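*Asks:* One structure, as structure tokens, below. Some questions next.
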Amino acid sequence: MDKSVERPRHYIGLDGIRGLAILMVVFSHFIIIGEDLDPHQPLHRLLMSGHLGVDLFFVLSGFLITGILIDGKKSTNYFSVFYARRALRIFPLYYGVLLLGWLSVVFLTPKDTPRLSGADSYAWHWLYASNIGISFKGDWLNSPTWVQISHFWSLAIEEQFYLFWPVLVFILPPKWLERLSIFLVVSSPLVLPILYHQIGDTATYVSTLGRLGELTAGAWLSIMTRKPQAWANLSRYFGIIALVTGLALLLERSFFPMLKPIEQTAMMILSAACVGIATDPARRVTQIFFQSSVLRWLGSYSYGIYVYHHVFKNVWRQFLWNGWILPTVGPGGIGKMLYLTSAGGITLGLAWLSWRYFEAPILSLKSRFNYRFKG
């Protein structure tokens, strides 16, 4: 007889991790309004550190996706269910925004057409390959004037990871999957400087190969959660690891920018420790933080928040910043805070509406795609 299951175990604290990550990313993008922050000043540099939330997202994604794959590995419809459910979650909003961008060019800014051809071809985005396009161009790809899609490089990495990781989880015995994950994590600090030298800073930053360490750090943690005794021993060290790497990043992002080469590796380790802490119910103080209603609420709508906050970057700047805030209060601290709250509030509203009336109805179809196990 076939047996169907819905989805694997769920850790509430990971919703908070997702919320923290999106809060960091949005703050980082919104705080630079006015372009008066000086990266050479310690406090300003620290304020501009929110991009590290993307690293946290990658580790979390590796953890969740690997858990789903491991739990569904012995099913009779392993691949079809995984890809169907991922497509329902990711494709509608992603391609909906790409379509919106294309329509904006057709009807609002046809002058953008030459800017979105050649090396900047829109096809990179349709194919979930904008990070590859960035590598070939050696710089960020152009976006339509009113629909900014440069941040879709991270979604491209996720989708490329989905192409090969399910296959590896399926064909490799558990011990070899664990060994592969460890190898990719440990080799990451060695691979990154080679990539920086060969393809440059921007291309390395957006490359799937350069992010494999973070994705597989999450994967390794997911594997370890299925080994209770090993997990119990490992979890003892998450707190001290988070403290040490957190302090190292705090120093690097403020007073010691010369430590930049260790930033991604340190953030990978810190992110892994945070994910580990968020899954450990024995850590009540940190659980209270990661399970806070605010972070969990943000985590629930993080995909929409991530997409919309940057998609309408030029809209926010033109109508909120230039059209209202600058003439009213000027570009100082009050202006920045007003921009953060207004653009942030509208983004949250859009994300909620998107979830309620667009994403959730489509996601309800996931109930048709469940893993089936023989036995």
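*Asks:* When you look at VAL169, is it β-branched (Val, Ile, Thr) and in contact with a Ser or Thr (Cβ under 9 Å, 6 or more places away or on another chain), yes or no? Quick ask: steps written out before the conclusion?
*Replies:* Numbers: β-branched (Val, Ile, Thr): yes; in contact with a Ser or Thr (Cβ under 9 Å, 6 or more places away or on another chain): yes.
The answer is yes for VAL169.
*Asks:* Mind checking whether some residue in the range 70-83 is touching a helix residue (DSSP H, G or I) at 6+ places or on another chain (Cβ under 7 Å), under 30 Å from GLN264 (Cα atoms) and surrounded by fewer than 21 Cβ atoms within 10 Å (Cβ to Cβ)?
*Replies:* Yes: one or more hits.
*Asks:* Still on this structure: Those residues that are in contact (Cβ under 8 Å) with a residue 24 or more places away in the chain, not aromatic (Phe, Trp, Tyr) and not in a helix (DSSP H, G or I), I need them from the range 245-281; list them, please.
*Replies:* Scanning the range 245-281 gives ARG253, SER254, THR279, ASP280.
Residue-by-condition table, conditions (1) closer than 30 Å to LEU350 by Cα; (2) buried (at least 16 other Cβ atoms within 10 Å of the Cβ); (3) at pLDDT 95 or above; (4) of a type in the set (Gly, Ala, Ser):
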site: THR204; (1), (2), (3), (4): no, yes, yes, no
site: LEU209; (1), (2), (3), (4): no, yes, yes, no
site: TRP220; (1), (2), (3), (4): no, yes, yes, no
site: PRO228; (1), (2), (3), (4): no, no, no, no
site: LEU243; (1), (2), (3), (4): no, no, yes, no
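*Asks:* Related question: Determine whether the range 27-39 contains at least one residue that is buried (at least 20 other Cβ atoms within 10 Å of the Cβ), in contact with a strand residue (DSSP E or B) (Cβ under 7 Å, 6 or more places away or on another chain) and assigned to a helix (DSSP H, G or I).
*Replies:* Checked the range 27-39: no residue is buried (at least 20 other Cβ atoms within 10 Å of the Cβ), in contact with a strand residue (DSSP E or B) (Cβ under 7 Å, 6 or more places away or on another chain) and assigned to a helix (DSSP H, G or I).
*Asks:* Condition first: among the aromatic types (Phe, Trp, Tyr) and assigned to a helix (DSSP H, G or I). Now tell me which residues in the range 129-148 satisfy that. If you could, list the steps in order and put the result at the bottom.
*Replies:* To start, the set of residues in the range 129-148 that are among the aromatic types (Phe, Trp, Tyr) comprises 136, 140, 146.
Answer for the range 129-148, where residues must be among the aromatic types (Phe, Trp, Tyr) and assigned to a helix (DSSP H, G or I): just PHE136.
*Asks:* With ILE277, ILE288, ILE269, ILE305 as the choices, which residue is out of contact with any strand residue (DSSP E or B) (no Cβ under 9 Å at 6 or more places or on another chain) and either hydroxyl-bearing (Ser, Thr, Tyr) or under 27 Å from VAL97 (Cα atoms) (or both)? Walk me through it before giving the result.
*Replies:* Details: ILE277 fails: either hydroxyl-bearing (Ser, Thr, Tyr) or under 27 Å from VAL97 (Cα atoms) (or both); ILE288 fails: either hydroxyl-bearing (Ser, Thr, Tyr) or under 27 Å from VAL97 (Cα atoms) (or both); ILE269 fails: either hydroxyl-bearing (Ser, Thr, Tyr) or under 27 Å from VAL97 (Cα atoms) (or both).
Exactly one residue qualifies, and that residue is ILE305.
*Asks:* Sticking with this one: Run down LEU56, LEU69, LEU64, LEU93 and say which single residue is touching a Ser or Thr at 6+ places or on another chain (Cβ under 8 Å) and either closer than 16 Å to THR225 by Cα or modelled with pLDDT under 95 (or both).
*Replies:* On the way: LEU56 fails: either closer than 16 Å to THR225 by Cα or modelled with pLDDT under 95 (or both); LEU69 fails: touching a Ser or Thr at 6+ places or on another chain (Cβ under 8 Å); LEU93 fails: either closer than 16 Å to THR225 by Cα or modelled with pLDDT under 95 (or both).
Being touching a Ser or Thr at 6+ places or on another chain (Cβ under 8 Å) and either closer than 16 Å to THR225 by Cα or modelled with pLDDT under 95 (or both) holds for just one of LEU56, LEU69, LEU64, LEU93, which is LEU64.
One line per residue, one yes/no per condition, for (1) more than 22 Å from the chain's Cα centre (by Cα); (2) more than 30 Å from LEU43 (Cα to Cα):
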| position | (1), (2) |
| --- | --- |
| LYS175 | yes, yes |
| THR202 | no, no |
| GLY210 | no, no |
| LEU221 | no, yes |
| LEU234 | yes, yes |
| ILE240 | yes, no |
| LEU247 | yes, no |
| PRO257 | yes, no |
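*Asks:* Would you be able to tell me the number of residues in the range 105-128 that are surrounded by fewer than 18 Cβ atoms within 10 Å (Cβ to Cβ), within 23 Å of the chain's Cα centre (by Cα) and not in a helix (DSSP H, G or I)?
*Replies:* 1
*Asks:* Which of the residues that make up the range 166-203 are without any contact (Cβ under 8 Å) to a residue 24 or more places away in the chain, of a type in the set (A, V, I, L, M) and within 24 Å of GLY72 (Cα to Cα)? If you could, list the steps in order and put the result at the bottom.
*Replies:* The initial filter retains those residues of the range 166-203 that are without any contact (Cβ under 8 Å) to a residue 24 or more places away in the chain, namely 167-168, 171-173, 175-176, 179, 183, 186, 190-191, 194-198, 201.
So of that shortlist, the ones also of a type in the set (A, V, I, L, M) come out as 167-168, 171-172, 186, 190-191, 194-195.
VAL167, LEU168, ILE171, LEU172 - these are the residues of the range 166-203 that are without any contact (Cβ under 8 Å) to a residue 24 or more places away in the chain, of a type in the set (A, V, I, L, M) and within 24 Å of GLY72 (Cα to Cα).
*Asks:* Given the conditions (1) farther than 30 Å from SER222 by Cα; (2) not polar (S, T, N, Q); (3) not in a loop (DSSP other than H, G, I, E, B), which single one is not true for GLY53?
*Replies:* Only one criterion in (1) farther than 30 Å from SER222 by Cα; (2) not polar (S, T, N, Q); (3) not in a loop (DSSP other than H, G, I, E, B) is unmet by GLY53, namely (1).
The values are calculated or read from the model by the stated rules, or taken from the named source; none is laboratory data. Since we're looking at a predicted model, the values are computed, not measured. In this analysis, Cβ positions are derived from the backbone assuming ideal geometry, glycine residues included, and neighbour counts consider all displayed protein chains.
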